[in-house]
Amino acid sequence: MNRVYPNLEQFLSGYFHQDWDIEGGNDSEVVSAYKSNESVENIQSVVMDLGKAIRICEQRDMNADQILQQLGCEYFYKNDGLSGLDWMRRVKALLEGKGPKEGNRRVGPSQVVDR
């Protein structure tokens, strides 16, 4: 288990594994499934881990893609037009209840439709 981001690793490897679409049709639905199954404390712990990982990637120019892969993430966020860092920011916002950016709606695991 990852000692730096244990909660994030559990979340990513448990919900964004190779069969992630069992939990939902897109990343937003998977996050919703996680939130409905987990305690507020667990969700907050994942948000904190994501915040740390985001800050480290921004400050030290670390590769977010490698971090996500090492933590067991198999969701292909590049199909959504996002970098690893942008996807971490998106997931953090979803976990915090801020939702996707206004003006876009997700219609499938790899499609974004602009309004």
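We did not get these values from a lab; they are worked out from the coordinates using the rules stated. Because the structure is predicted, anything quoted here is derived from the model rather than measured. Cβ sites come from the backbone with ideal geometry, for glycine too, and all protein chains shown count toward neighbours.
Selection within region 3-32: residues that are loosely packed, with under 15 Cβ neighbours inside 10 Å and hydrophobic (A, V, I, L, M, F, W, C). The member of this set that is farthest from Gly84 (Cα to Cα) is Ile22. Scanning region 22-33 for residues that are touching a Pro at 6+ places or on another chain (Cβ under 7 Å) and in a helix (DSSP H, G or I) turns up just one, Ser28. Selection of region 34-50 for residues being exposed (fewer than 15 other Cβ atoms within 10 Å of the Cβ) and assigned to a helix (DSSP H, G or I) yields Ser36, Asn37, Val40, Glu41, Gln44, Met48.
Do we find a residue being touching a strand residue (DSSP E or B) at 6+ places or on another chain (Cβ under 8 Å) and either assigned to a helix (DSSP H, G or I) or surrounded by fewer than 18 Cβ atoms within 10 Å (Cβ to Cβ) (or both) anywhere in region 81-94? Looking for residues that are touching a strand residue (DSSP E or B) at 6+ places or on another chain (Cβ under 8 Å) and either assigned to a helix (DSSP H, G or I) or surrounded by fewer than 18 Cβ atoms within 10 Å (Cβ to Cβ) (or both), one finds at least one in region 81-94, hence yes.
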